[in-house]
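Have a look at the structure below before the remarks.
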Amino acid sequence: MSKDIESQMRAALRPVAPREEFSQKLLTGIALERPELKPRRLGAGRRQPLAWWLTASLAASLVLAVGVHQRLQQQRAQQSGLEARREVMEALRMTSQKLNLAYEAVKSQSTSLTDEHSGA
Amino acid sequence: MNDGATDILDEQLEKARCGERSALTLLVQRHQRSVYSLALRMLGTRDLAEDLTQEVFMQMSGNLRTIESNRHLGFWLRQVTTNRAIDQLRRRARVQMRPLEEEAHLFSAEENSDPLLQRHLQALLAELSPPARAVVLLRYQEDLDPVEIARTLEMPVNTVKSHLKRSLESMREKTSGARPARCEDNST
Amino acid sequence: MRKFTVPLFFVLLAPALACAAPSPKLIFPSFSGLAQKATESVTITLDPALLGLAAKFLDGNDPQDAATKEVLKGLQGIYVRSYSFDKDSAYQQADIEAVRSQLAAPGWNRLVETRSRKTHADVDIYIMLDNNQAIGLALIASEPRQFTIVNIVGAIDLDKLHKLEGQFGVPKLDIDSKSAAKPRN
């Protein structure tokens, strides 16, 4: 009996797919977040003089630092936006739950009034 | 999963770490059902589940260099998803797993699916504390054993076993009262 | 001369004070005592900036997001305080009185008052009108182990709120714009 319940629970809890629109949005969001990098080609190109290499490294580091900073800002903005969206949904859901309580009360009142009238 | 498939996914992980978008897409596609389903069954509604799924994969995208293998990725995703869901549930008001029409997609729609069992399961998940809910999902959705669940949730193994035992008992109580007796059960 | 200046100041100020428009934004007490007793608490404070930010992350192609976006248009704020307890009567009605007393002020009209013996839940819904337009909504739901206060500020479109039916399980409330224009208390 236990095995039967467990296997039924497993069957019921098989992973379900998200909506197609969401999947697309997810992949687009991740692609925007992580720009394509060209694959490194090992061994290509001739050696540059050391001084030039140092200058190039410094410039690259600076660009990278600015890029990382901008990416972090974008990530933070994105996370804030998602958090705000979640809070809006949560607030509206709580509002609707409580509206539903009022609705149920009104409905059961009008049902009992109808019963009283029909009884009379 | 066979060794061949594991090797391919490990290779994709390596490529994703190097910035190949198609490799990252493949990894997301491979794991999104699991992450989304965990989020959905933990948080109870589609919009919260989608938000959490997006956050988890965004975080994954930024942390690939710390992930050693596809197996580790699976562990990491399950851990981050359940932990974040538990945190959200603790911070928020109790999420009522109301049977809204669209929320019928909490469970897999198989041909022989039992809607009554699904309703009992939904009631069970709703009444469990967030950590207990995570234990049940990791066991029956992700097919992890208690030791793996304990590692994922950083919880003692005995606590995991205790949650599973109580959940199964609760499920048994719910189903035994509602189901009509079946002849085939009596014959065993 | 000085003796008459101060009272005169208040006499002149009084009409201005009396005419000051009531605000649809409620002032919440800190509820710190209750928060310590509560097993779960929810504090949501969404000002215009946060609402604008959230709206950017709503997908217009998704029916639920699109309906939500419509509701958010014209809103200036959404504020929620909710506390859950592990036993009945852990909070007193006096704890919520600081909020209820604001709803007794001119400007607020009680739209719905329900008392349910079945669920033991009391729900009061108030609306503030300006030129027959809803500019504020307040909801107080008092249950044995939980109370929730929701305050929505801004141009609430009751028709759009209707359209959330089925999205969050919002039921049909029969609170169309015309009937809402008539104050009920």
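Within segment C:69-114, can you find the residues that are in contact with a Lys or Arg (Cβ under 9 Å, 6 or more places away or on another chain) and of a type in the set (Val, Ile, Thr)?
Hits for segment C:69-114 are C:Val71, C:Val99, C:Val112.
Do you know which of the residues in segment C:75-109 that are of a type outside the set (Val, Ile, Thr) and within 14 Å of chain A (Cβ to nearest Cβ) is nearest to C:Asp47 (Cα to Cα)?
Restricting attention to segment C:75-109, the residues satisfying the condition of being of a type outside the set (Val, Ile, Thr) are C:75-77, C:79, C:81-95, C:97-98, C:100-109.
Subset that is within 14 Å of chain A (Cβ to nearest Cβ): C:75-77, C:79, C:81-84.
Values: C:Leu75: 9, C:Gln76: 6, C:Gly77: 5, C:Tyr79: 8, C:Arg81: 14, C:Ser82: 18, C:Tyr83: 21, C:Ser84: 24 Å.
The residue in question is C:Gly77.
So, B:Asp10, is that one in a helix (DSSP H, G or I), acidic (Asp, Glu) and closer than 30 Å to B:Ala126 by Cβ or not? Spell out how you get there, then give the answer.
Values: in a helix (DSSP H, G or I): yes; acidic (Asp, Glu): yes; closer than 30 Å to B:Ala126 by Cβ: no.
When the stated conditions are applied, B:Asp10 does not pass them.
Can you confirm whether A:Glu21 is more than 9 Å from chain B (Cβ to nearest Cβ) and either at pLDDT 75 or above or under 30 Å from B:Leu124 (Cβ atoms) (or both)? Don't jump to the end; show me each part of the working.
Values: more than 9 Å from chain B (Cβ to nearest Cβ): yes; either at pLDDT 75 or above or under 30 Å from B:Leu124 (Cβ atoms) (or both): yes.
Criteria met by A:Glu21.
Grab the helices (runs of 4 or more DSSP H) fully contained in segment B:66-177, keeping just those with 1 or more residues being at pLDDT 95 or above.
On the way: elements: B:70-91, B:115-127, B:130-140, B:146-153.
In segment B:66-177, B:70-91, B:130-140, B:146-153 are the helices (runs of 4 or more DSSP H) which contain 1 or more residues that are at pLDDT 95 or above.
When segment B:9-25 is examined, which residues are found to be without any contact (Cβ under 8 Å) to a residue 60 or more places away in the chain, more than 10 Å from chain A (Cβ to nearest Cβ) and buried (at least 16 other Cβ atoms within 10 Å of the Cβ)?
Of everything in segment B:9-25, those that are without any contact (Cβ under 8 Å) to a residue 60 or more places away in the chain, more than 10 Å from chain A (Cβ to nearest Cβ) and buried (at least 16 other Cβ atoms within 10 Å of the Cβ) turn out to be B:Gln12, B:Ala23.
So which residues in segment C:36-59 are touching a residue at least 24 places away in the same chain (Cβ under 8 Å) and surrounded by 13 or more Cβ atoms within 10 Å (Cβ to Cβ)?
Going through segment C:36-59, the residues touching a residue at least 24 places away in the same chain (Cβ under 8 Å) turn out to be C:37-48, C:51.
Correct list: C:Lys37, C:Ala38, C:Thr39, C:Glu40, C:Ser41, C:Val42, C:Thr43, C:Ile44, C:Thr45, C:Leu46, C:Asp47, C:Leu51.
Being more than 13 Å from every other protein chain (Cβ to nearest Cβ) and modelled with pLDDT of 90 or more, is that true of even one residue in segment C:136-153? Break it down stepwise before answering.
Our first condition is that a residue be more than 13 Å from every other protein chain (Cβ to nearest Cβ); within segment C:136-153, this holds for C:136.
Now restrict to residues that are modelled with pLDDT of 90 or more: C:136.
Looking for residues that are more than 13 Å from every other protein chain (Cβ to nearest Cβ) and modelled with pLDDT of 90 or more, one finds at least one in segment C:136-153, hence yes.
Would you call B:Asp87 charged (D, E, K, R), closer than 27 Å to A:Arg71 by Cβ, facing chain A (nearest Cβ under 9 Å) and under 21 Å from the mean Cα position of the chain (by Cα)?
Numbers: charged (D, E, K, R): yes; closer than 27 Å to A:Arg71 by Cβ: yes; facing chain A (nearest Cβ under 9 Å): no; under 21 Å from the mean Cα position of the chain (by Cα): yes.
When the stated conditions are applied, B:Asp87 does not pass them.
Give the residues of segment B:22-65 that are charged (D, E, K, R) and over 11 Å from the mean Cα position of the chain (by Cα), sorted by residue number. If you could, list the steps in order and put the result at the bottom.
Start the filter on segment B:22-65 by keeping residues that are charged (D, E, K, R), which leaves B:30, B:33, B:41, B:46-47, B:50-51, B:55, B:65.
Residues satisfying the conditions are B:Arg30, B:Arg46, B:Asp47, B:Glu50, B:Asp51, B:Glu55, B:Arg65.
What strands (runs of 3 or more DSSP E) lie completely within segment C:37-122 and have 1 or more residues being under 30 Å from B:Ile86 (Cα atoms) and acidic (Asp, Glu)? Spell out how you get there, then give the answer.
On the way: elements: C:40-46, C:75-84, C:108-115.
In segment C:37-122, the matching strands (runs of 3 or more DSSP E) lie at C:40-46.
Please list, ordered by first then second residue, the pairs with beta carbon atoms under 8 Å, 6 or more apart or interchain, first in segment A:91-113 and of a type in the set (Lys, Arg), second modelled with pLDDT of 80 or more.
Once the first residue is of a type in the set (Lys, Arg) and sits in segment A:91-113, its partners that are modelled with pLDDT of 80 or more give A:Arg93/B:Thr45; A:Lys98/C:Val123; A:Lys98/C:Leu139; A:Lys98/C:Ala141; A:Lys98/C:Thr148; A:Lys98/C:Val150.
Would you mention how many residues in segment A:79-95 are more than 7 Å from chain C (Cβ to nearest Cβ) and more than 13 Å from C:Asp65 (Cα to Cα)?
The total comes to 2.
The values are calculated or read from the model by the stated rules, or taken from the named source; none is laboratory data. Fair warning: this is a prediction, and the values are worked out from it, not measured in the lab. Cβ sites come from the backbone with ideal geometry, for glycine too, and all protein chains shown count toward neighbours.
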